[in-house]
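What follows is a set of notes on a single structure, which appears directly below.
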Amino acid sequence: MRIAIVTSDYFVMGETFINRHIEHMFDGETVVICGRSNGENPFDKPLFTRRARLSLADKLQAPFAALSGALLHGTSRLPFGANRRKLQAWLRAQQVDVILAEFGTQALVVAKLGNDMGIPVFTYWRGTDASRALGSKQRVRSYKLMMPRLAGMFSVSQFLLDNLAKHGVRHPNAHVVPSGVNIRLFTPGPKTPGSFLAVGRMVEKKAPQVTLRAFAKAATGRDAHLTFIGDGPLLDSCKTLAADLGIAEQVSFTGALPHDEVRKHLQVTETFLQHSVTAKDGNTEGLPTAIQEALACGCITLSTIHAGIPEAVEDGVNGLLVPEWDEAGFADRITQILDMPDRSAMTLSARKTAEAKFDNEIGLAKVENTILNTLCTSPRETPS
């Protein structure tokens, strides 16, 4: 079985879920279709970059292709002209049996082409594609038109499937498979008492300012330290806020770190903080990979009742949850954790949750088996 993984940008170090598919799916029998390439190809895979320079003839054709795509298929992003022919030839030369588009927005690009060639197409919903994107009526229309073209679809959380269904976007062959974590690599280590960690882009839907203010309320003057790992537009303002709150000595900002360094921090951290919220544009999480990794490392997770997070964190069992934007409640829960005489039960429960729900070897096998079972029961169309 040879599978083409479709992604927007390649290679992106932080997209561990996509990179795992590229490296390991179907014993590594994978090729990559991307919109843009930064020139790195650490897995040494055959690579097709869609957004190649247009020929003069295609430049003239582009407005008509975009208009017809939008009118007939709800999207102006369909491959056309010489680039479409090159992609078709490449897929044939690579002997691709099936296509998996990472993110629903990428499936829009390749679903019709896959149908025309008789290649089954699946997609994987992960967050923005099934939240913020649904704010566009045109995008909802394009998703609905795409559903009959898909052989099946996956989602990192039931929340995203429910969100799509609210907009009339449904598929009979839909499955929840979290991104997962390598539970053999992400393991608990000796925990540093009073250690807190937040990981992720410093952006609106992560609400790092709320985390900082809540930590300041609960931990000022106590034996506690918070580390932020991540870069983004809110980083500088958060550094200033930490100083203004008088907790600069209790907070560290590392910026973005390699995945292996993040793992080392998680292994020794006692409590993981993620105050996820719905952004003004409707953008939400799916089910954050960082939370799955934190649970695998035995971190008590304090987060919000947001998107798929309650599918991973059970309040009072392996972590604690508060409503979005509940800064006072978040501070109270930090205090509750600091006042716990014994935190080992939650730590053990966190690890057991990861073992039961988020082993990425089991998740990968489920995706592969679903694809294989679908192909075995579905008639193949004659390639054009």
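The values are calculated or read from the model by the stated rules, or taken from the named source; none is laboratory data. These numbers come from a predicted model, not from an experiment. So basically every Cβ, Gly included, is an ideal-geometry build from the backbone, and we count neighbours across all protein chains shown. Ligands, DNA and RNA are stripped out before the accessible areas are found, and what is left, the full protein with its side chains, is counted by its heavy atoms. Shrake-Rupley method; radii C 1.70, N 1.55, O 1.52, S 1.80 Å.
At a glance:
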quantity: Within region 71-148: Cβ-based charge dipole about Cα centre, in debye rounded to nearest 20 (Lys, Arg +1; Asp, Glu -1); calculated: 320
quantity: Rounded to the nearest 10 Å², the accessible area of Met13 at probe 1.4 Å; calculated: 110
quantity: Region 224-242 and region 58-109: distance between their alpha carbon centers, rounded to Å; calculated: 40
quantity: Estimated vicinal HN-Hα couplings, Hz - region 242-248 in sequence order (Karplus 6.51, -1.76, 1.60; Gly, Pro = x); calculated: 4, 5, 5, 7, x, 10, 4
quantity: Over region 308-347, equivalent-ellipsoid semi-axes from the Cα gyration tensor in Å; calculated: 18, 15, 5
quantity: Fraction of accessible area attributable to carbon and sulfur, region 14-57 (%, probe 1.4 Å); calculated: 47
quantity: Nearest-10 value in Å² for the accessible area of Glu29, using the 1.4 Å probe; calculated: 80
quantity: Within the chain: Cβ-based charge dipole about Cα centre, in debye rounded to nearest 20 (Lys, Arg +1; Asp, Glu -1); calculated: 1660
quantity: Formal net charge of residues neighbouring Glu314 (Cβ-Cβ distance under 12 Å; K, R +1; D, E -1); calculated: 0
quantity: Percentage of interatomic Cα-Cα distances in region 125-265 larger than 21 Å; calculated: 59
quantity: Karplus-derived HN-Hα couplings along region 114-126 (A = 6.51, B = -1.76, C = 1.60, θ = phi - 60°), whole Hz, x at Gly and Pro; calculated: x, 4, 4, 9, x, 9, x, 10, 10, 9, 10, 8, 10
quantity: Between region 18-41 and region 126-174, the Cα center-to-center distance that results, in Å; calculated: 23
quantity: Surface/4 estimate of mean projected area, convex hull on alpha-carbon atoms of region 196-337, nm²; calculated: 7.6
quantity: Probe 1.4 Å, protein heavy atoms only - accessible area per residue of region 87-132 in square angstrom; calculated: 23
quantity: Sulfur and carbon atoms: percent of accessible area, region 245-384 [1.4 Å]; calculated: 53
quantity: Those lysines that a straight Cα-Cα span of less than 19 Å connects to Lys205, excepting residues fewer than 8 apart in one chain; calculated: Lys239, Lys280
quantity: Accessible surface of Arg51 - all protein chains present, 1.4 Å probe, nearest 10 Å²; calculated: 120
quantity: Nearby lysines by direct alpha-carbon distance to Lys352 (threshold 27 angstrom, same-chain neighbours under 8 apart not counted); calculated: Lys191, Lys206, Lys264, Lys366
quantity: Environment charge of Ala216, counting only residues whose C-beta is closer than 13 Å and scoring Lys/Arg +1, Asp/Glu -1; calculated: 0
quantity: Residue-averaged [θ]222 nm for the chain, counting only DSSP H segments that reach four residues, each worth -39500 (n - 2.57); calculated: -13000 deg cm²/dmol
quantity: Kirkwood Rh, Cα atoms: Rg over Rh of region 278-384; calculated: 1.16
quantity: Mean Cα-pair separation over length for the chain, i.e. relative contact order, pairs under 8 Å, 6 or more apart, %; calculated: 15
quantity: Identified option (computed mean projected area of the Cα convex hull in nm²; candidates (1) 24.8; (2) 19.2; (3) 18.1); calculated: (2)
